[in-house]
Ligand code: TMP
């Protein structure tokens, strides 16, 4: 395999220069981290599953008109994406109280929220990704008011669509984190969905039993972490045919 230039290595993914200008290759690792990388581990096959799950969800979202950075999946662990300027915000949408919302405000985990909540976090691990409000975002120029309007509208559409899609396979979409980027084409700029959507950044509970099928299994040492991710892929009908044995992916990636 030709050596490619690595542009960035994150906790769960690596970005390489793409084959054409304006494209990148996004490689999904098995590395897992939580609590701003204070807890680290490996979830075997996670990269393969997240590549597949994120591909599937981004394609379905594109079908309903949500613009995304996704172009196509290249292999078990890699996908071709458009190069975007990442907006330094983590957008969290919540439907059910869990995680930091439950802890911070003392709300019983599992309480259904009367309406969906959108929260913003400033993407800065040195500061532990602090929660911010619209005033901070526009004041410090992370996004303009119009950009933020677009982001919130898209985030709510993503939430509506994914809530229904997951409900159809017996999964409750409790909350999720997404990121957006600016895509420059000719003289135009568009806000598009970027990064990934996978059990790494969603809370997914079995609708009947409440069993967790997401990264909380790793964060909270609940065991059967791989199985949780696999079950999400299985219910979506996209579990790689060869199953877990085929999950190591291509060797010699860098
Ligand atoms: P929280 O309850 O810990 O704030 O997380 C809300 C949602 O955002 C949950 O689905 C997990 C996801 N998330 C990330 O993807 N990355 C992060 O760094 C954090 C803090 C949360």
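No lab work stands behind these numbers, since they all come straight from the coordinates. What you see is a predicted model; the values in this text were computed from it and never measured. Neighbour counts run over all protein chains shown; Cβ positions are idealised from the backbone, glycine included.
Please find the FRET efficiency linking residue 118 to residue 222, where r is the Cβ-Cβ separation and R0 is fixed at 22 Å, and quote it to the nearest 0.05.
0.20
In nm, to one decimal, how far is the residue 149 label point from the residue 209 one, both placed 7 Å along Cα→Cβ?
Output for this residue pair reads 4.7 nm.
Please compute the Kirkwood hydrodynamic radius over region 162-205, one decimal place, Å, based on all pairs of different Cα atoms.
The Cα-based Kirkwood calculation yields 12.1 Å.
Order these by the 10 Å Cβ neighbour count, fewest first: 160, 175, 187, 30.
Sorted ascending by nearby Cβ count, the order is 187, 160, 30, 175.
Using the alpha carbons of region 188-240, what is the convex hull volume per residue in cubic angstrom, as a whole number?
That works out to 115 Å³ per residue.
Counting C-alpha atoms alone, how compact is region 42-178: give Rg to one decimal and Dmax as a whole number, in angstrom.
Taking only Cα atoms of region 42-178, I get Rg and Dmax of 16.1, 44 Å.
Hey, what's the per residue convex hull volume over the C-alpha atoms of region 1-72, in cubic angstrom?
123 Å³
Largest first and in whole Å, give the semi-axes of the chain's equivalent ellipsoid, each being the square root of 5 times a Cα gyration tensor eigenvalue.
25, 25, 18
Pop the C-beta distance of residue 182 and residue 108 into the FRET formula with R0 = 51 Å and round what comes out to the nearest 0.05.
Here the calculated transfer efficiency is 0.85.
How are the alpha carbon pair distances in region 116-228 distributed across 10 Å bins from zero to the largest one, expressed in percent?
Reading the bins upward from 0: 12, 37, 32, 16, 3, 0.
Can you give me the C-alpha center-to-center distance between region 38-74 and region 181-235, rounded to a whole angstrom?
If you average the Cα positions of each part, the centres end up 8 Å apart.
Give me the orientation-averaged projected area of the Cα convex hull of region 44-84, in nm², one decimal.
The orientation-averaged projected area of the Cα hull of region 44-84 comes to 2.8 nm².
With 18 Å as the cut-off, how large is the P(r) tail for region 77-154, expressed as percent of Cα-Cα pairs?
So the pairs more than 18 Å apart make up 52 percent of the total in region 77-154.
Mind ordering 197-207, 109-119, 69-79 by average Cβ neighbours within 10 Å, highest first?
Per-residue mean Cβ counts within 10 Å order the peptides as 197-207, 69-79, 109-119.
Given Cα pairs under 8 Å that are at least 6 residues apart, what percent is the relative contact order of the chain?
19 percent
Only counting other Cβ atoms within 10 Å, I'd like 54, 100 sorted with the fewest neighbours first.
100, 54
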